[in-house]
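Report on one structure; see the data block that follows.
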Amino acid sequence: MILIMSIPLINVFGMIFTIGLVLFASMRYIEQKSIVMSFAFSVIMTIGIYLSFELWLDARLPAGVFEFVIGG
């Protein structure tokens, strides 16, 4: 359900921010982890995903409203 609800957010907030949000929500509400653990996991994984796609694979992901920050 979290993934289905996140699809419209990709165009608005961009893929990177939406992935972080989905990871946080998944860890917090599905896995029942603490807020600190959920936040730390989502930040680390989001950075890893960003590095993988944007830098190493040179694949542009939708930037959404954060286009001026990540140079989309």
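What follows is calculated from the coordinates using simple rules that are stated; it is not laboratory data. These numbers come from a predicted model, not from an experiment. So basically every Cβ, Gly included, is an ideal-geometry build from the backbone, and we count neighbours across all protein chains shown.
Output ³J(HN,Hα) for region 9-16: one whole-Hz value per residue in order, computed from phi by the Karplus curve 6.51 cos²θ - 1.76 cosθ + 1.60 with θ = phi - 60°, and x for Gly and Pro.
For region 9-16, the Karplus curve yields 6, 4, 6, 7, 9, x, 5, 5 Hz.
Loop only per DSSP, at most 14 neighbouring Cβ atoms within 10 Å: give me the trypsin sites (Lys or Arg not before Pro) in the chain, ordered by residue number.
Sites meeting the loop and neighbour criteria: ARG60.
Ranking request for peptides 38-46, 18-26: highest mean number of other beta-carbon atoms within 10 Å first, then the rest in descending order. Mind showing how you got there, number by number?
Working: 38-46: 16.3, 18-26: 19.2.
Ranked from most to least packed, the peptides come out as 18-26, 38-46.
Based solely on its DSSP helices, what 222 nm [θ] is calculated for the chain when runs of n ≥ 4 H residues each add -39,500 (n - 2.57) and the sum is averaged over all residues, nearest 500 deg cm²/dmol? Write out the running numbers ahead of the final one.
Details: 4 runs with 43 residues, N = 72.
Value at 222 nm, helices only, nearest 500: -18000 deg cm²/dmol.
Give me the number: length gained by fully extending ILE49 to ILE7, i.e. 0.36 nm times residue separation minus the C-alpha to C-alpha distance, one decimal in nm.
The ILE49-ILE7 span can extend by a further 13.4 nm.
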